[in-house]
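Heads up: the structure comes next, in structure tokens.
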């Protein structure tokens, strides 16, 4: 399975201490060079910077050969470009505009909450706990979307 990620899912999975879910669920994740740069910037949380400085082998940093001319930030544009280039099975994006554009280009998309839902379905995490950790960060999502995720997956780990 080929999975490409934008900045936000990596950032929030690190901050919630669930980054290893990506390895568990997908085995390997490709991040664009611009995403690596963003996660390694001084503006990134210290916990994220520490993780990025010693990337695990299952995260691969690649530069897109073509950046589609899209009205998005560089990481989102390059993530879409890499997903198209590698014919990715899944693209990890949180920003709604980027998700809509990616879907319009025929790409399968999920975000941080979707990762938590899939992991909970497979018994790897307790969804209410994961959502609680996510709410303690600066992640922004309508409360109703959190509630809908919990209704879709009422099971707990264990």
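The values are calculated or read from the model by the stated rules, or taken from the named source; none is laboratory data. It should be emphasised that the depicted structure is a prediction, and the values quoted were computed from it without experimental measurement. All Cβ positions, glycine included, derive from the backbone under ideal geometry; neighbour counts span all protein chains shown.
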statement: Checked against (1) in a helix (DSSP H, G or I); (2) more than 23 Å from residue 148 (Cβ to Cβ), residue 100 satisfies every condition except (2)
Matching residues in region 98-125 - criterion: being closer than 20 Å to residue 26 by Cβ, touching a residue at least 12 places away in the same chain (Cβ under 8 Å) and more than 15 Å from the chain's Cα centre (by Cα): 120, 121, 122, 123, 124, 125
- request: Could you tell me whether any residue of region 116-124 is surrounded by 14 or more Cβ atoms within 10 Å (Cβ to Cβ) and farther than 18 Å from residue 5 by Cβ?
  value: yes
message: Looking at region 48-59 only, could you name the residues that are exposed (fewer than 13 other Cβ atoms within 10 Å of the Cβ) and touching a residue at least 24 places away in the same chain (Cβ under 8 Å)?
response: 56
query: Which one of these does residue 106 not meet: (1) modelled with pLDDT of 95 or more; (2) in contact with a strand residue (DSSP E or B) (Cβ under 9 Å, 6 or more places away or on another chain); (3) outside any helix (DSSP H, G or I); (4) farther than 25 Å from residue 137 by Cα?
result: (2)
query: Could you count how many residues in region 100-109 are surrounded by 19 or more Cβ atoms within 10 Å (Cβ to Cβ) and out of contact with any helix residue (DSSP H, G or I) (no Cβ under 6 Å at 6 or more places or on another chain)?
result: 1
task: Kindly list, by first and then second residue, each pair from a residue in region 16-45 that is on the phi < 0 side of the Ramachandran plot and without any contact (Cβ under 8 Å) to a residue 24 or more places away in the chain to a residue that is in a helix (DSSP H, G or I) and surrounded by 19 or more Cβ atoms within 10 Å (Cβ to Cβ), limited to pairs with Cβ atoms under 8 Å and residues at least 6 apart or on different chains.
output: 40/52
task: Would you please name the residue that is surrounded by the fewest Cβ atoms within 10 Å (Cβ to Cβ), looking only at residues in region 126-151 that are in a loop (DSSP other than H, G, I, E, B) and under 16 Å from the mean Cα position of the chain (by Cα)?
output: 140
- prompt: When region 79-103 is examined, which residues are found to be touching a strand residue (DSSP E or B) at 6+ places or on another chain (Cβ under 6 Å) and closer than 15 Å to residue 10 by Cα?
  reply: 79, 90, 91, 92, 93
